[in-house]
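Notes follow the structure.
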Amino acid sequence: QVLLAESGGGLVQAGGSLRLSCAASGGTFSRYTMGWFRQAPGKEREFVGAINWKDGNTYYADSVKGRFTISRDNAKNTLWLQMNSLKPEDTAVYYCAADLFGAGRQINTIDYWGLGTQVTVTS
């Protein structure tokens with residue numbers, strides 16, 4: 001059982017930045033591909049970014065590529081999402097996700113979810 005706890009969300013103006021954190025406990029964090037997903041009101045949960053457990057390669061949704069950066073520190077059991085040049089359409093609840101056997105990019109392969117943190121971007 002892996003427990004994930006997100007933090008760092010908040011209210012920011014368009015063009016601003018936020019850094020989300022995800023603290024993991026209860027499992028072998030380094031063996032999981034980790035991902036970030038988001039869900040806006042009235043919309044389905046969508047993939048944002050993922051970082052591979054083995055080689056550290058990162059993958060991003062086209063909508064955030066070049067603006068968001070995902071990183072991890074296995075010694076600290078922590079995942080981050082640096083979000084720059086935020087837009088109102090980035091407003092959503094952001095979820096941390098752990099994927100043991102998949103690529104961390106598809107909802108149906110995620111093994112564990114955090115409870116989410118709200119990000120609101122005002123224009």
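For the range 10-123, what relative contact order do you get, as a whole percent, if you take Cα pairs closer than 8 Å and at least 6 residues apart?
On the way: 255 pairs, mean separation 40.0, N = 114.
Reported relative contact order: 35 percent.
Roughly how many Å² of residue 80 are accessible to a 1.4 Å probe, to the nearest 10?
40
With +1 on the Cβ of every Lys and Arg and -1 on the Cβ of every Asp and Glu, and nothing else charged, how large is the dipole of the range 12-105 about its Cα centre, in debye rounded to the nearest 20? Mind showing how you got there, number by number?
Numbers: 12 positive and 8 negative charges, 27 e Å.
The calculation lands at about 120 debye.
Probe of 1.4 angstrom, ligands and nucleic acids ignored: what's the accessible area per residue over the chain, in square angstrom? Spell out each step's value before the answer.
Details: 6320 Å² over 123 residues.
Dividing the accessible area of the chain by its residue count gives 51 Å².
If the viscosity is 1.306 mPa s and the temperature 10 °C, what translational diffusion coefficient in µm²/s does Stokes-Einstein give for the chain when Rh comes from Kirkwood over Cα pairs? Numbers along the way, then the final one.
Details: Rh = 14.1 Å.
In µm²/s, the coefficient is 113.
Hand me the GluC sites (Glu not before Pro) from the range 1-70 located in a DSSP loop with no more than 11 other Cβ atoms within 10 Å, in residue order please. Let's see the in-between values first.
Numbers: sites: 6, 44, 46; in loops: 44.
Those that pass, being in a loop and sparsely packed, are 44.
Any chance you could run the full-extension gain for residue 103 through residue 65? It's 0.36 nm times the residue separation minus the Cα-Cα distance, nm to one decimal.
Working: separation 38, 0.36 × 38 = 13.68 nm, distance 1.73 nm.
Net length gain for the segment: 11.9 nm.
Please report the antiparallel percentage of the DSSP beta bridges confined to the chain, to the nearest 5.
The antiparallel fraction comes to roughly 90 percent.
Given labels modelled 7 Å from the Cα in the Cβ direction, how far is it in nm from residue 3 to residue 74?
Each label point is offset 7 Å from its Cα along the Cβ direction, giving 2.4 nm.
Just the number, please: carbon plus sulfur as a percent of the accessible area of the chain, 1.4 Å probe, no ligands or DNA/RNA counted. Don't skip to the answer; put the middle values down first.
Values: 3010 of 6320 Å².
Whole-percent figure for carbon plus sulfur exposure: 48.
The values are calculated or read from the model by the stated rules, or taken from the named source; none is laboratory data. Everything numeric here is computed off the predicted structure, so don't read it as measured data. Positions of Cβ are generated from backbone atoms using ideal geometry, with glycine treated the same way; all protein chains shown enter the neighbour counts. Just so you know, the surface numbers come from the protein's heavy atoms only, side chains and all, with ligands and any DNA or RNA stripped out. Shrake-Rupley method; radii C 1.70, N 1.55, O 1.52, S 1.80 Å.
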